[in-house]
1. Determine if region 30-39 includes at least one residue that is at negative phi, modelled with pLDDT of 95 or more and within 15 Å of the ligand (Cβ to nearest atom).
2. How many residues are within 12 Å of the ligand (Cβ to nearest atom) and either buried (at least 17 other Cβ atoms within 10 Å of the Cβ) or among the aromatic types (F, W, Y) (or both) when one looks only at region 10-29?
3. Condition check: part of a loop (DSSP other than H, G, I, E, B), more than 23 Å from I2 (Cα to Cα) and among the polar types (S, T, N, Q). Does N36 satisfy that?
4. Could you check region 65-114 and list, in sequence order, the residues that are in a loop (DSSP other than H, G, I, E, B), among the aliphatic types (A, V, I, L, M), under 15 Å from T40 (Cβ atoms) and within 16 Å of the ligand (Cβ to nearest atom)?
5. Within region 76-93, is there a residue that is of a type in the set (S, T, N, Q) and in contact with a helix residue (DSSP H, G or I) (Cβ under 6 Å, 6 or more places away or on another chain)?
6. If a residue has to be surrounded by 10 or more Cβ atoms within 10 Å (Cβ to Cβ) and assigned to a loop (DSSP other than H, G, I, E, B) to count, how many in region 115-137 make the cut?
7. Given the criteria under 23 Å from W115 (Cα atoms) and more than 16 Å from the ligand (Cβ to nearest atom), does N50 qualify?
8. Got a number for residues in region 50-64 being assigned to a loop (DSSP other than H, G, I, E, B) and surrounded by fewer than 13 Cβ atoms within 10 Å (Cβ to Cβ)?
Amino acid sequence: MIDTCLFCKIIAKEIPSSKVYEDEHCYAFLDLHPINIGHTLLVPKEHSTNLYEIGDDTLSVLAPVVKKVAIAIKSALNANGINIEMNNDPIAGQIIFHSHIHIIPRFQGDGFKHWHGARDYHEGEMEEVAKKISLVI
Ligand code: ZN
């Protein structure tokens, strides 16, 4: 636990939250500023700043919980769909620096827009970018 970390304090129940799920490794609670009602944050209990720092063991535990919570939200709230999002680094919108996955219910006509600024590749750029990424994996 990191003393200055808001989510560590929520996991330790030093700060109240609206819990929707908890197990040995994960804690899920409602986002205080939801995109839609039921917008949930799933956090690993072990502190890590972001995706780059999460242990593979923790990630393998988180993935099925993402699915479980997403299905529960969809069912409980009669949502029409679910967005899964994780913001890593400030430029990507990360505000709290304890890894967390947003599970966001979507409703017909909710007006939430994403993928703003989608662009096209220039001639040959796509192959170049794919090669660049694949070389460092
Ligand atoms: Zn933390």
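1. The answer is no; no qualifying residue exists.
2. Qualifying residue count for the region: 3.
3. Yes.
4. Across region 65-114, the qualifying residues are M86, I96.
5. Filtering region 76-93 for residues of a type in the set (S, T, N, Q) gives 78, 80, 83, 87-88.
Now narrow it down to the ones that are in contact with a helix residue (DSSP H, G or I) (Cβ under 6 Å, 6 or more places away or on another chain): 88.
Yes, region 76-93 has at least one match.
6. 1
7. On the way: under 23 Å from W115 (Cα atoms): yes; more than 16 Å from the ligand (Cβ to nearest atom): no.
Criteria not met by N50.
8. The qualifying residues number 1.
The values are calculated or read from the model by the stated rules, or taken from the named source; none is laboratory data. Please read these numbers as outputs of a predicted model, since none were measured by experiment. Positions of Cβ are generated from backbone atoms using ideal geometry, with glycine treated the same way; all protein chains shown enter the neighbour counts.
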